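Student: Let me give you the structure first, and then I'll get to my questions.
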Amino acid sequence: MSFRGRFDHTLDNKGRVSVPAGFRMEIQKLGGEKAPILTRGKDHLLLYPADTWDEIEKSLAAKSSLLPHVQNYQRFLIGGCTECPVDGQGRITIPAVLRDHAGLEGKITLAGVLDKIEIWNNERFEAAQALTLGNLGQIQKEVDDSSSSS
């Protein structure tokens, strides 16, 4: 299971965006007839195939809901999600509240990131990429260090 690549698209005035064909095929393969789930990230949106989302929910449900951080994270992620079916023209409709959260209008970026699709305001995406590039050496070291300690 893997989403890869970056695609720049335009969000129409009804909040619809075309999902790249390869992404649509992977969503269908991983979720069957069930609609993918759209939720909030920190400053962008996350689109998960239904089966992948089910695993996330199971994992979050197994955490202690007595812990305030767990409650807050569950509320943020689960409370902010919605089913997001792909229509006959290969588009999803992003609800206004989620568009507002991610600052989506006009040109947007869809980025395949392993088990999910990130949906970004194009300018925020470019800024995040520039920040990553500026810190790439340190990021690579931390990722390598975390891989060897597992």
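Read-outs: derived from the displayed coordinates by stated rules, not from any lab. Because the structure is a prediction, the values reported are computed rather than measured. Neighbour counts run over all protein chains shown; Cβ positions are idealised from the backbone, glycine included.
Student: Using only helices, what value at 222 nm comes out for the chain when you add -39,500 (n - 2.57) per DSSP H run of length 4 or more and divide by the total residues, to the nearest 500 deg cm²/dmol?
Tutor: Only helices count here, giving -13500 deg cm²/dmol.
Student: Output wanted: per-residue J couplings in Hz (rounded whole) for segment 44-49, from phi through Karplus 6.51 cos²θ - 1.76 cosθ + 1.60, θ = phi - 60°, x for Gly and Pro.
Tutor: Karplus-based 3J(HN,Hα) across segment 44-49 equals 8, 10, 10, 10, 10, x Hz.
Student: For Val113, which sequence-distant residues (separation of 5 or more, or a different chain) have an amide H within less than 5 Å of its own amide H, given hydrogens modelled in the peptide plane?
Tutor: Phe3, Glu118
Student: Expressed as a rounded percentage, what relative contact order does segment 3-122 have, with Cα pairs under 8 Å and six or more residues apart?
Tutor: 42
Student: Something else: List the trypsin sites (Lys or Arg not before Pro) in segment 2-40 that DSSP assigns to loop (not H, G, I, E or B) and whose Cβ has at most 14 other Cβ atoms within 10 Å. Which are they?
Tutor: Lys14
Student: Could you give the size of the charge dipole of segment 75-150 about its Cα centre, using +1 on the Cβ of each K and R and -1 on the Cβ of each D and E, expressed in debye and rounded to the nearest 20?
Tutor: With only Lys, Arg, Asp and Glu charged at Cβ, the dipole is about 160 debye.
Student: Checking the table Lys14/Lys63; Lys58/Lys116; Lys42/Lys63; Lys34/Lys141; Lys116/Lys141 against a 28 Å threshold on Cα-Cα, which pairs fail?
Tutor: Lys14/Lys63; Lys34/Lys141
Student: What ranking do Leu66, Leu131 get, fewest neighbouring Cβ atoms within 10 angstrom at the top?
Tutor: Going from least to most buried by this count: Leu66, Leu131.
Student: GluC sites (Glu not before Pro) within segment 31-104: which are DSSP loop residues with at most 13 other Cβ atoms inside 10 Å?
Tutor: Glu33
Student: Which label marks the calculated value of Cα extents along the principal axes in Å, given the options (1) 46, 38, 29; (2) 65, 30, 23; (3) 68, 42, 28?
Tutor: Calculated Cα extents along the principal axes in Å: the matching label is (1).
Student: Dipole magnitude of the chain about its Cα centre, charges +1 at Lys/Arg Cβ and -1 at Asp/Glu Cβ only, in debye to the nearest 20?
Tutor: Approximately 200 debye in magnitude.
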